[in-house]
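Q: Below is the structure I would like to discuss, written out as structure tokens.
The values are calculated or read from the model by the stated rules, or taken from the named source; none is laboratory data. Just so it is clear, the model here is predicted, and its values are computed rather than measured. All Cβ positions, glycine included, derive from the backbone under ideal geometry; neighbour counts span all protein chains shown.
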Amino acid sequence: MSFPKNFYWGGATAANQYEGGWNEGGRGPAMTDVTTGATKDTPRYVTYKNADGTTGKMSMFGGTLPEGAEYACLDGYHYPNHIGTDFYHHYKEDIALFAQMGFKMFRMSISWPRIYPNGNDEKPNQEGLDFYRSVFEELHKYGIEPLVTISHYDDPLYMEEKLGGWQNRETIGLYEKYCHTIFEEYKDLVKYWLTFNEINSAIMAVSFIPNCPDEIAKKGYIKLHNQFVASAKVVKYAHEHYPQFKMGCMIAGMISYPLTCDPKDVLANQHHMQDSFYYCGDVQVRGAYPGFARKSWKKYNLDPGFFEQDKDVLKEGKVDFFSYSYYATSCETTHKEAKRDGAGNMSMGYKNEYIQYSEWGWGMDPDGLRYSLNELYDRYQVPLMVVENGLGAIDVFEDGKIHDPYRIDYMKAHVKAMKEAIEDGVDLIAYTPWGCIDLVSAGTGEMRKRYGFIYVDMDDEGKGTLNRYRKDSFYWYEKCIKSNGEDL
Ligand code: BG6
């Protein structure tokens, strides 16, 4: 057994980190447009202006905007998402490069504020609709199937600032309106949709802030629930109106192991996986909260009635396939002497001595990919997609060439792991590695943390020609796709 004949090989991106053109074509601002660049050791901030003209900043992982303040770009800061790596002006060139690698699928997101600049506008922005139409047509020219994330970290700023974002249930209706517009507009061009990127990121704070305060946890669970409801509503709507659509969830692969075989560690790890990962898959694939959800609600003093009021909606909006991002694994333990030192943007697990770590401290673990694919398929029994995977690394650009054997090694091992999972009986249908072309890092806002097969000349200060160059991994992936994963 090997990769199926019609396997979707491809790559993944997101508008907020790649598209740029932030204030062109009638697009409104998004939260990421007021988020500063940073490094792996310094945090990204969201900036604002107070009513009295003074300015301020707060962590991008949440905070409360002071009374009367408005989000704003401030002098002296760099906002890398404004340009991303400029897909907006380079899409034809980029898609031609993806086609040269042999892509069968391209994951991208639609920027909500490019369609509805404030989120609650009466009519959609025609220029925005036209832009994505041109992109989808360009993809089809090469036989590349779009995989579209409807919401990937760029909700309209106005909606966040004035309407309270996902804390406010009105947002569900705005999301539905946005979806109805894009479904109708692109019904003949897009078949595969993901309702929210890494929906579990709403409650990540719960796992990475030690003893997360009730208030922060509460906000996270409310946001997540409202997003579950929004997702279920549009999945149901899509099934009723566009039977050709395939609707998927997208969950950050919070995969962890017990650090020791102490049964207490095994239990701690089980709870971690349930709370941060299965909590979401169970709702979106099975259509109901799992039994263990009550544990979290109780822990953070949340009223079960709030979650149960939408029981029927969740049941009616089950997704058709499961997708997740897979970069790294971490460990969980109850042994206090162990050091919690992180593995990935959103997990603060313990280090695993059996695996290697990237320059950004992400635990590289191809076997964990095979393991998680098996676990997920056993649990959900629906087709799976790995829609993000890859190695963020510093590349050296010399004479127009980039030699990236480290990336090739990483990719090789992960493709092999997927092949083994397919041999194990897993129904895996797509692989779209992250940042197939260099783009801005979500966690740090850096450019130097590159994932691409294609190098983009742009640095951390936003300087560069934006010219594109093929890395060695470009040719490796081309060969991999051509041989349907056989020639690695
Ligand atoms: C995922 C996100 O969490 O990880 C992407 O969906 C993100 O948006 C990716 O870019 C990699 O993280 P980072 O911080 O290296 O960009």
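Q: Report yes if Met385 is modelled with pLDDT of 95 or more and crowded, with 17+ Cβ neighbours inside 10 Å, otherwise no.
A: Numbers: modelled with pLDDT of 95 or more: yes; crowded, with 17+ Cβ neighbours inside 10 Å: yes.
Yes; evaluated as a whole, the condition is true for this residue.
Q: From Val426, Val456, which residue is farther than 26 Å from Phe7 by Cα, hydrophobic (A, V, I, L, M, F, W, C) and at pLDDT 95 or above?
A: Val456
Q: Now a separate question. Given (1) closer than 25 Å to Ala14 by Cα; (2) in a helix (DSSP H, G or I); (3) modelled with pLDDT under 95, where does Leu376 come up short, assuming only one miss?
A: (3)
Q: So Arg448 passes all but one of these: (1) of a type outside the set (Ser, Thr, Tyr); (2) free of Cβ contacts under 8 Å to residues at least 60 places away in the same chain; (3) over 24 Å from Met364 (Cα atoms); (4) within 16 Å of the ligand (Cβ to nearest atom). Which condition number does it fail?
A: Failing condition for Arg448: (3).
Q: Go through (1) crowded, with 16+ Cβ neighbours inside 10 Å; (2) touching a residue at least 60 places away in the same chain (Cβ under 8 Å); (3) over 12 Å from Lys471 (Cα atoms) one by one and return the number of the condition Glu420 breaks.
A: Checking Glu420 against (1) crowded, with 16+ Cβ neighbours inside 10 Å; (2) touching a residue at least 60 places away in the same chain (Cβ under 8 Å); (3) over 12 Å from Lys471 (Cα atoms), the one that fails is (2).
Q: For the stretch 235-260, which residues satisfy the criterion of being in contact with a Ser or Thr (Cβ under 6 Å, 6 or more places away or on another chain) and not in a loop (DSSP other than H, G, I, E, B)?
A: Gly248, Met250, Ala252, Ile255, Ser256
Q: Within the stretch 212-229, identify whether any single residue is touching a helix residue (DSSP H, G or I) at 6+ places or on another chain (Cβ under 7 Å), at pLDDT 95 or above and not in a helix (DSSP H, G or I), and answer yes or no.
A: no
Q: Which of the numbered conditions does Leu428 fail, given that it passes all the others? Conditions: (1) within 16 Å of the ligand (Cβ to nearest atom); (2) within 21 Å of the chain's Cα centre (by Cα).
A: (1)
Q: Moving on. Can you pull out the residues in the stretch 429-456 that are surrounded by 22 or more Cβ atoms within 10 Å (Cβ to Cβ) and farther than 30 Å from His82 by Cβ?
A: First, pick out the residues of the stretch 429-456 that are surrounded by 22 or more Cβ atoms within 10 Å (Cβ to Cβ): 430-442, 444-445, 447, 449-456.
Matches in the stretch 429-456: Ala430, Tyr431.
Q: Just to verify a result, which residue in the stretch 233-260, among those that are in contact with an Asp or Glu (Cβ under 7 Å, 6 or more places away or on another chain) and under 17 Å from Val387 (Cβ atoms), is nearest to the ligand (Cβ to nearest atom)?
A: Ala252
Q: Suppose we filter the stretch 176-233 for residues that are in contact with a Leu (Cβ under 8 Å, 6 or more places away or on another chain) and free of Cβ contacts under 8 Å to residues at least 40 places away in the same chain; how many remain?
A: So the answer is 1.
Q: Can you list the strands (runs of 3 or more DSSP E) found entirely within the stretch 35-111 that contain at least 1 residues being farther than 30 Å from Phe208 by Cβ?
A: Fully inside the stretch 35-111 and qualifying: 105-109.
Q: Further question on the same structure: Read through the list (1) within 22 Å of the chain's Cα centre (by Cα); (2) under 29 Å from Trp9 (Cβ atoms); (3) not polar (S, T, N, Q), then give the number of the only condition that Met159 fails.
A: (2)
Q: Among the candidates Asp404, Asp409, single out the residue that is farther than 28 Å from Asn374 by Cα and charged (D, E, K, R).
A: Going through Asp404, Asp409 in turn, the sole match is Asp404.
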